[in-house]
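Below is one structure, written out as structure tokens; comments come after it.
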Amino acid sequence: MVELDDLHAGYGALPVLHGFSIAVEPGQVAVLLGLNGAGKSTAVKALCGAVATTSGAVRYRGEDISGWSTATRVKAGVVMVPEGRRVFGDLSVERNLQVGSWTQRRNSKWVRGQREHVYKVLPRLDERRNQLAGNLSGGEQQMLAIGRGLMANPTVLVIDEASLGLAPVIVKEILKIARALADDGTTVLLVEQNVGALEVADVGFFVDQGEVTATLRGKQLKDGDRIRSLYLG
Ligand SMILES: Nc1ncnc2c1ncn2[C@@H]1O[C@H](COP(=O)(O)OP(=O)(O)O)[C@@H](O)[C@H]1O
Ligand SMILES: [Mg+2]
């Protein structure tokens, strides 16, 4: 289980999270929804160690990891695919994947095996192993960013705004991949502004002004009126 418990965090004098709490079970897809500036990225960065918290706990497997470095969290399986893809455009797909496997760099056999696993999960990358990442489409670059995250062998995979700017058909494909990863045992946190992501979710958290203001499960995930009213306030 991964849990953010009453987190407070911000940037310098700007407080952003005001008692942010979520709990996600292993193998679940959790979707964090909310308007721009609501604090979604800040919350997942706090989970991954990229933003310092001033109070509250980040629990992973029952332990408070809020004092751990990002690198230690990655090694323990908490991995983030940050917003904006940020693949290395002048490196091949294969080399980009290799970058993601730095935690296992001494075990080249494992890295090769994991790479083949990633190509099975993301077949579009398989066809493009030797292409420069800079020549991929936006959707393919997003898949490569996810693939790079998978190379770190995550237990918890956070994907921030995967669907931003992508064609609906690619978004569907990425959501399906997220679901399949979770069904395979990985805990997946999707940060999204696209409510369509709720279709693959086990739980949805609506984020507003640095707090979770609604939690949706089961039938509530399909309640379009409720979701619209959350967005419109
Ligand atoms: N690096 C930063 N420095 C200062 N303020 C930031 C930084 N990142 C985000 N913020 C501010 O924190 C608030 C929440 O941002 P963010 O967590 O990125 O929201 P979301 O991901 O929901 O769009 C916003 O007011 C944003 O301007
Ligand atoms: Mg964001």
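The values are calculated or read from the model by the stated rules, or taken from the named source; none is laboratory data. Computed from a prediction, not measured in an experiment: that's the story for all the values here. Ideal geometry is used to build each Cβ from the backbone, glycine not excepted, and the neighbour counts take in all protein chains shown. Accessible surface is based on the protein model in full, side chains and every heavy atom, while ligands, DNA and RNA are left aside. Shrake-Rupley method; radii C 1.70, N 1.55, O 1.52, S 1.80 Å.
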Q | Whichever residue in region 89-123 is of a type outside the set (A, V, I, L, M) and not in a helix (DSSP H, G or I) and, among such residues, is most open to solvent (accessible area, probe 1.4 Å) | A | R106
Q) Taking region 32-69 as the region of interest, how many residues are within 16 Å of ligand 2 (Cβ to nearest atom), surrounded by fewer than 18 Cβ atoms within 10 Å (Cβ to Cβ) and in contact (Cβ under 8 Å) with a residue 24 or more places away in the chain? A) 3
(Q) So, in region 18-69, exactly how many residues are assigned to a strand (DSSP E or B) and among the aromatic types (F, W, Y)? (A) 2
(Q) Considering only residues that are assigned to a helix (DSSP H, G or I) and touching a helix residue (DSSP H, G or I) at 6+ places or on another chain (Cβ under 7 Å), which ones fall in region 124-145? (A) R124, L125, D126, A133, G139, E140, Q141, Q142, M143, L144
Q. What do you reckon, is V195 without any contact (Cβ under 8 Å) to a residue 12 or more places away in the chain, more than 30 Å from R112 (Cβ to Cβ) and surrounded by fewer than 23 Cβ atoms within 10 Å (Cβ to Cβ)?
A. no
Q | Lone unmet requirement of (1) part of a helix (DSSP H, G or I); (2) open to solvent by 60 Å² or more (accessible area, probe 1.4 Å) for T213 | A | (1)
Q.
For region 70-86, give me each residue that is open to solvent by 30 Å² or more (accessible area, probe 1.4 Å) and either at pLDDT 95 or above or not in a loop (DSSP other than H, G, I, E, B) (or both).
A. T70, A71, T72, K75, M80
(Q) Suppose the filter is in contact with a helix residue (DSSP H, G or I) (Cβ under 7 Å, 6 or more places away or on another chain), farther than 23 Å from G27 by Cβ and surrounded by 16 or more Cβ atoms within 10 Å (Cβ to Cβ); does A152 pass it? (A) no
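Residues to consider are V200, V191; find the one that is away from ligand 1 (no atom under 16 Å from the Cβ), at pLDDT 95 or above, within 12 Å of A30 (Cβ to Cβ) and outside the structural domain of K120 (by TED's automatic domain parsing).
Step by step, each of V200, V191 is checked, and only V200 is away from ligand 1 (no atom under 16 Å from the Cβ), at pLDDT 95 or above, within 12 Å of A30 (Cβ to Cβ) and outside the structural domain of K120 (by TED's automatic domain parsing).
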Q: Taking only region 201-210 into account, find how many residues are in a loop (DSSP other than H, G, I, E, B), within 19 Å of the chain's Cα centre (by Cα) and not hydrophobic (A, V, I, L, M, F, W, C).
A: 2
